[in-house]
Every structure is written in structure tokens, then in C-alpha cells.
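*Asks:* Below is the structure I would like to discuss, written out as C-alpha cells.
The values are calculated or read from the model by the stated rules, or taken from the named source; none is laboratory data. These numbers come from a predicted model, not from an experiment. Cβ sites come from the backbone with ideal geometry, for glycine too, and all protein chains shown count toward neighbours. To get the accessible areas, we keep the full protein, side chains included, count just its heavy atoms, and leave off ligands, DNA and RNA. Shrake-Rupley method; radii C 1.70, N 1.55, O 1.52, S 1.80 Å.
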Amino acid sequence: ILVTWGFFDIVVTILAGLTQTLPIASRAFITLLLLYVGFVGSRLAESRLRSYIDQVSHINQHQQSIASRVLQISIFTAVGLTTLSIWQVDLSGLLIGAGFLGIVVGMAARHSLGSLFAGIVLMLSRPFEIGDWVTIGDYEGTVTDITIISTRMQSQMLSLREQSSYDRSQTDLK
């Protein structure tokens, strides 16, 4: 109708604006859709994990929380990387930077990362449970708490004693 009235220039301007904003609007819609799918997928994965854990007896609460967090991080990392690629962000620099940062952090935090990995191995292998009587090095007592970084023991002589998971992995349990 606008063309027949002689407003051809306005129609061309409107169509040019639509062709430029339509891809941005569709990317924004896909981004929101991906975030929704990420949240729904995260909740679905968590419910499936809980139903699996209810069926088995060899997974404790700590292992369940670790598996849950790993699932969430994996899902949202995939959503984030997909969103960045939809917006045509060059990820090669990000990957190179992340690799370099990983090397630097690994060198700087070698002892802490060793403790972290030893704690994860101990939590997954479960050589002892909360309430067990254990001897670790010169310390002896009842295990009161197990985390990734430390194990807390309560002995008769001392009220609370911590031993880092890195040191635990270097000693023999009796």
C-alpha cells in the first residue's frame, strides 16, 4: 500500500531494517531457548541421577553432590559455548587463553591441586566412612567429616584434628 502511495523509499528503509534486526532477534530468541533448555536439562539430569542413586547403595551423599555439580557445569558449559558460537564469537583465542591459564594455574597451585585430586580420589574410593575409627600417621580417632580438601577426626585427646587430603594420600591407613 505504501508503494502505491509513492512511499517506496520508506518501504525500502523498513525492509532493510528488518533484514538487519531479524538475525539479531532470532539469535536472541535462540539464546533464550538454549538457556531454558539448559535449566530444564539440568533439572532432568539431576532427577535421573537421584533416581539412579536411590536404586544403588554404593554412592554416598558426597559422591551424589559431586556428580550433580559436574553435570550442571557440563550442561551450562555446553550451553555457553553454543551461545557464543551462535553469536559468532571467535572461540579460538578463548581456548588458547584457557590452555595457557591452565598451565600457569597448574604450576602455581601444584600442591593445592594435588590435595584436591587426592581428596576426590578418597571420596570416590571411600577407604573409610564418617564414624569409622582410623589411624592416619600419628593421629587416631573417629572420622567426623570428609570433604574434598580435608578429613576431620575427633580423638579422645584432642577435640578436633584436621589432616589435609594430600597428606592422607601419602600415609597408610590402618
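*Asks:* For segment 79-91, which positions are free of Cβ contacts under 8 Å to residues at least 12 places away in the same chain and either among the hydrophobic types (A, V, I, L, M, F, W, C) or open to solvent by 60 Å² or more (accessible area, probe 1.4 Å) (or both)?
*Replies:* As a first pass, look at segment 79-91 and keep what is free of Cβ contacts under 8 Å to residues at least 12 places away in the same chain: 80-81, 84-85, 88-91.
Hits for segment 79-91 are Leu81, Leu84, Ser85, Gln88, Val89, Asp90, Leu91.
*Asks:* Take segment 45-88 and flag every residue that is β-branched (Val, Ile, Thr), over 18 Å from Ile148 (Cβ atoms) and at pLDDT 90 or above.
*Replies:* Ile75, Thr77, Val79
*Asks:* If we keep just the residues of segment 122-152 that are among the hydroxyl-bearing types (Ser, Thr, Tyr), at pLDDT below 85 and open to solvent by 50 Å² or more (accessible area, probe 1.4 Å), which is farthest from His62 (Cα to Cα)?
*Replies:* Once the filter is applied, the top-ranked residue is Tyr139.
*Asks:* Out of the residues in segment 22-44 that are at pLDDT below 85 and open to solvent by 80 Å² or more (accessible area, probe 1.4 Å), state the one that is nearest to Val70 (Cα to Cα).
*Replies:* Only one residue tops the list, namely Ile24.
*Asks:* Consider only pairs whose beta carbons are under 7 Å apart and that are at least six residues apart or on different chains; among these, list those whose first residue lies in segment 46-65 and is within 16 Å of Ser125 (Cβ to Cβ) and whose second residue is open to solvent by less than 40 Å² (accessible area, probe 1.4 Å) and modelled with pLDDT under 85.
*Replies:* Filtered contacts from segment 46-65: His62/Met123; His62/Ile146; Gln63/Met123.
*Asks:* Given (1) open to solvent by 60 Å² or more (accessible area, probe 1.4 Å); (2) within 30 Å of Arg43 (Cβ to Cβ), identify the lone condition not met by Ile103.
*Replies:* Of everything listed in (1) open to solvent by 60 Å² or more (accessible area, probe 1.4 Å); (2) within 30 Å of Arg43 (Cβ to Cβ), Ile103 misses just condition (2).
*Asks:* Oh, and also: Only one residue in Ile59, Ile30, Ile53 is over 21 Å from the mean Cα position of the chain (by Cα) and hydrophobic (A, V, I, L, M, F, W, C). Which one? Can you show your working first?
*Replies:* Numbers: Ile59 fails: over 21 Å from the mean Cα position of the chain (by Cα); Ile53 fails: over 21 Å from the mean Cα position of the chain (by Cα).
Going through Ile59, Ile30, Ile53 in turn, the sole match is Ile30.
*Asks:* Are any residues in segment 45-56 acidic (Asp, Glu) and open to solvent by 90 Å² or more (accessible area, probe 1.4 Å), and if so, which ones?
*Replies:* Asp54
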